[in-house]
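Only one structure is covered here, and it is reproduced in the block below.
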Amino acid sequence: MKAFANVNPRDPKHAAELLADARAHGRAAVVAGGGSDLLGLIKERLVTPDLVVNLKAARGMDRIAADAAGITIGGQVTLDTISHDPTIRERYAVLAEAAASVGTPQIRNTATIAGNVCQRPWCWYFRNSFACLKNGGRFCYAAGGENQFHAIFGGGPSQIVHPSDTAPALVALDATFRLQGPHGDLVVPAADFFTLPRVNPARENVLKEDEILAEVHVPAPQPAVRSTYHKVLDREAWTHAVVSAAIALEMDGGVCRAARIVLGGVAPIPWRLPKVEAMLAGRRLTPELCARAGAAAVQGARPLARNGYKVPLTRAMVARVLGELAARA
């Protein structure tokens, strides 16, 4: 492992300034939130930093603040804290459930919301140091190789899937992210934060090298909103979603007034389904309509040689979760 220096910034702005200064002097700098993903990347020499900017002591980044406008979650708030926070559990169940689904209790005690949203892909070619598109190379080896867990939507030229559980939930909740740079901050809708490989195959989001995800704001939900997160795993152990869905429904009795449906595990970004949302709006969620919504959810899917099973899995999951959520009192 390459030797590196560690620095503890005072606050998010100071962190961004340290990143910018390192870049200006030709030094490679990375950000550590909880550090669980970063440690693996460093051990595998996928990143070789000169400087680690450790956010654990940065002021104001480990707080949750709720008011009439919604809730603000600091980037350093852990997933365990989010999963147990009473306000989040009551008003934003989809986010609490997504946070609770991540890894093991040990990981959730360490991992942060910003780190989970910004984690790098877990494609085995990338994580095993192949010179792929994510690692400075020219090819996506998964396109014609081992692609059982890769994209069925939005792939090309890289076929990765975004690994975050909380990202689909935040997109479904219409959250915004505050990005802190050395010269100020920028507020970005969660839906616009993530980028497809065709934009830049080496990156998964719009963060610049001298910016950090400082906090997340989730607007206050409508009183009749019901939400949930469902995750399908390939084994009953720590792993990422094969397929997942974050769904928020604004209900009036049995009638859906509005819907937000975002898939995980199927695309390089959280994959929203606006056409499915539109077909549900203003209608009673009968079993027949839920089944049609499931079928519509996989329209346009382009599975690879080894991941075609994700199509029927996604179709059935969306139909089932919609029906279960609509039936809740």
Exercise. Just need a number here: residues in region 226-265 that are over 15 Å from residue 321 (Cβ atoms), small (Gly, Ala, Ser) and either in contact with a Leu (Cβ under 9 Å, 6 or more places away or on another chain) or assigned to a strand (DSSP E or B) (or both).
Key: 2
Quiz prompt | Cβ-Cβ under 8 Å pairs, at least 6 apart or on other chains, region 27-44 side on the phi > 0 side of the Ramachandran plot and outside any helix (DSSP H, G or I), far side aromatic (Phe, Trp, Tyr) and buried (at least 19 other Cβ atoms within 10 Å of the Cβ) | solution = none
Quiz item: On the given criteria, is residue 16 assigned to a helix (DSSP H, G or I) and more than 22 Å from residue 121 (Cβ to Cβ)?
Solution: yes
Quiz item: Where residues in region 113-165 are within 25 Å of residue 56 (Cβ to Cβ) and among the aliphatic types (A, V, I, L, M), which of them is surrounded by the most Cβ atoms within 10 Å (Cβ to Cβ)?
Solution: 113
Quiz prompt | Qualifying position, being more than 30 Å from residue 22 (Cβ to Cβ) and free of Cβ contacts under 8 Å to residues at least 60 places away in the same chain, among 284, 272 | solution = 284
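How many residues are farther than 20 Å from residue 270 by Cβ and surrounded by fewer than 21 Cβ atoms within 10 Å (Cβ to Cβ) when one looks only at region 68-90? Break it down stepwise before answering.
First pass over region 68-90, keeping only residues farther than 20 Å from residue 270 by Cβ: 68-69, 72, 74, 76, 78, 80-81, 84-87, 89-90.
Of the ones still in play, those that are also surrounded by fewer than 21 Cβ atoms within 10 Å (Cβ to Cβ) are 68-69, 72, 80-81, 84-87, 89-90.
Of the residues in region 68-90, 11 are farther than 20 Å from residue 270 by Cβ and surrounded by fewer than 21 Cβ atoms within 10 Å (Cβ to Cβ).
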Exercise. Examine region 294-308 for a residue that is surrounded by 14 or more Cβ atoms within 10 Å (Cβ to Cβ), free of Cβ contacts under 8 Å to residues at least 60 places away in the same chain and in contact with a Leu (Cβ under 6 Å, 6 or more places away or on another chain), and state whether such a residue exists.
Key: yes
Quiz item: Got at least one residue in region 275-287 being more than 26 Å from residue 222 (Cα to Cα) and among the β-branched types (Val, Ile, Thr)?
Solution: no
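Every read-out reported here was derived from the displayed coordinates using simple, explicitly stated rules and does not represent laboratory data. The shown structure was predicted, so the numbers you read here are calculated from the model rather than taken from an experiment. Because the Cβ atoms are built from the backbone with ideal geometry, glycine has one as well, and the counts that use them run over all protein chains shown.
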